[in-house]
Amino acid sequence: QTKSYDPCISPVKIIDHYKKVKEKDPDHPFYLNLGQGVSYTDWVGRGECKGKTDLYPVANNGYLKGCDIASFDIYPVNSNDPKVNNNLWMVAKGIDSLRVWCKDSKPVFTWIETTQIGQDSPRKPTPQEVRTQVWMAIIHGAKGIGYFCHSFYPASDEAALLHDKGMLAAVKEINRQITSLAEVINSASQPNYAKVKSSNKNVPIDWMNKEDENSKYIFAVGMRNEPTDATFKVISGKSVEVVGENRTIKISKGQFEDHFEGYGVHMYKIR
């Protein structure tokens with residue numbers, strides 16, 4: 001028998017199910033998790049709907065009309081598809097797509113890989129790759145993060161993350177840092193505060209600007225697995241604390257520079 005992913009689920013069915021659930025339970029949000037086709041539009045798992053991104057937008061009565069929280073998952077390190085494998089930036093691409101398709105009318109979540117999922121997975125992600133994917137998602141506007149904890153090789157373990165001391169410690173630290181910065185992350189963005197230039201034309205630096213009562217913040221990530229130097233031009237500030245790295249940078253003539261390793265992440269507190 002030939003393997004088939006058809007027929008794909010119609011948005012009409014999702015929206016109808018959403019309405020029925022909300023009629024019975026209007027007080028709780030309806031969470032819809034979509035697959036990697038959100039980011040990898042050529043994914044074979046979409047079957048006859050492969051590449052049909054018009055099935056997602058709220059404006060088209062698409063899938064995202066049938067939810068209160070929009071989510072998706074893609075696991076680049078675990079993927080053995082050469083178009084996806086190790087392309088961590090596809091997490092950010094999926095976040096961007098969901099936000100456009102719902103016009104920022106719903107919070108967007110994503111799932112982050114933490115294990116070697118299956119026998120066909122090339123490897124498990126490193127703690128740094130997990131951290132990068134998390135901050136890529138947040139910088140691109142994700143409002144929630146989940147961690148995929150399962151592993152099905154060499155044996156099935158639904159809590160494999162909890163049994164991996166190194167990865168568990170890394171995820172705890174990521175969560176601690178997010179929690180400590182939650183008020184800043186959830187503050188209004190300051191899009192005109194800073195501009196960034198990358199020395200490596202192959203490596204975009206993506207960033208978001210935030211603030212609290214006393215400081216400005218820049219959260220930045222290198223979007224490719226190559227090193228680069230970033231120049232940040234800011235409209236105010238004299239000194240930079242690199243959050244969590246025990247170092248500072250001076251601002252000179254309205255700008256400062258920093259080095260990014262491949263898929264590097266840095267957070268700056270500016271006063």
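The values are calculated or read from the model by the stated rules, or taken from the named source; none is laboratory data. Small disclaimer: the values here were computed from a predicted structure and weren't measured. Cβ coordinates were reconstructed from backbone atoms using ideal geometry, including for glycine residues, and neighbour counts include every protein chain displayed.
Mind telling me which of the residues 132, 110 ends up being in contact (Cβ under 8 Å) with a residue 24 or more places away in the chain, farther than 30 Å from residue 59 by Cβ and either outside any loop (DSSP other than H, G, I, E, B) or touching a His at 6+ places or on another chain (Cβ under 7 Å) (or both)? Spell out how you get there, then give the answer.
Values: 110 fails: farther than 30 Å from residue 59 by Cβ.
Unique residue meeting the criteria: 132.
Any idea how many residues of the stretch 1-54 are assigned to a loop (DSSP other than H, G, I, E, B) and either under 24 Å from residue 77 (Cα atoms) or of a type in the set (Lys, Arg) (or both)? Spell out how you get there, then give the answer.
The initial filter retains those residues of the stretch 1-54 that are assigned to a loop (DSSP other than H, G, I, E, B), namely 1-10, 25-30, 35, 39-43, 50-52.
Filter again for either under 24 Å from residue 77 (Cα atoms) or of a type in the set (Lys, Arg) (or both), leaving 3, 5, 35, 39-43, 50-52.
Of the residues in the stretch 1-54, 11 are assigned to a loop (DSSP other than H, G, I, E, B) and either under 24 Å from residue 77 (Cα atoms) or of a type in the set (Lys, Arg) (or both).
Would you kindly identify the strands (runs of 3 or more DSSP E) lying entirely within the stretch 188-271 that contain at least 3 residues that are closer than 26 Å to residue 87 by Cβ? Talk me through it step by step, then tell me what you get.
On the way: elements: 194-198, 205-211, 216-222, 228-234, 239-242, 247-250, 255-260, 265-270.
Ranges flagged: 194-198, 205-211, 216-222, 228-234, 255-260, 265-270.
Given the condition closer than 19 Å to residue 245 by Cα and either β-branched (Val, Ile, Thr) or in contact with a Phe, Trp or Tyr (Cβ under 9 Å, 6 or more places away or on another chain) (or both), answer yes or no: does some residue in the stretch 154-171 qualify? Outline the logic, then answer.
Taking the stretch 154-171 as the starting set, the residues that turn out to be closer than 19 Å to residue 245 by Cα are 169-171.
Remaining after also requiring either β-branched (Val, Ile, Thr) or in contact with a Phe, Trp or Tyr (Cβ under 9 Å, 6 or more places away or on another chain) (or both): 171.
Yes; the residues of the stretch 154-171 include at least one that is closer than 19 Å to residue 245 by Cα and either β-branched (Val, Ile, Thr) or in contact with a Phe, Trp or Tyr (Cβ under 9 Å, 6 or more places away or on another chain) (or both).
Quick test of your reading of the structure: residue 155 fulfils all but one of (1) in contact with a Leu (Cβ under 8 Å, 6 or more places away or on another chain); (2) more than 27 Å from residue 185 (Cβ to Cβ). Name the failing condition by number.
Condition (1) is where residue 155 drops out.
Can you tell me which residue among 13, 22 is surrounded by 15 or more Cβ atoms within 10 Å (Cβ to Cβ) and either basic (Lys, Arg) or at positive phi (or both)?
Working: 13 fails: surrounded by 15 or more Cβ atoms within 10 Å (Cβ to Cβ).
Selected residue: 22, the only one of 13, 22 that is surrounded by 15 or more Cβ atoms within 10 Å (Cβ to Cβ) and either basic (Lys, Arg) or at positive phi (or both).
Within the stretch 116-128, can one find any residue that is in a helix (DSSP H, G or I), under 21 Å from residue 178 (Cα atoms), of a type outside the set (D, E, K, R) and in the same structural domain as residue 175 (by TED's automatic domain parsing)?
So far as the stretch 116-128 goes, yes, one or more of its residues are in a helix (DSSP H, G or I), under 21 Å from residue 178 (Cα atoms), of a type outside the set (D, E, K, R) and in the same structural domain as residue 175 (by TED's automatic domain parsing).
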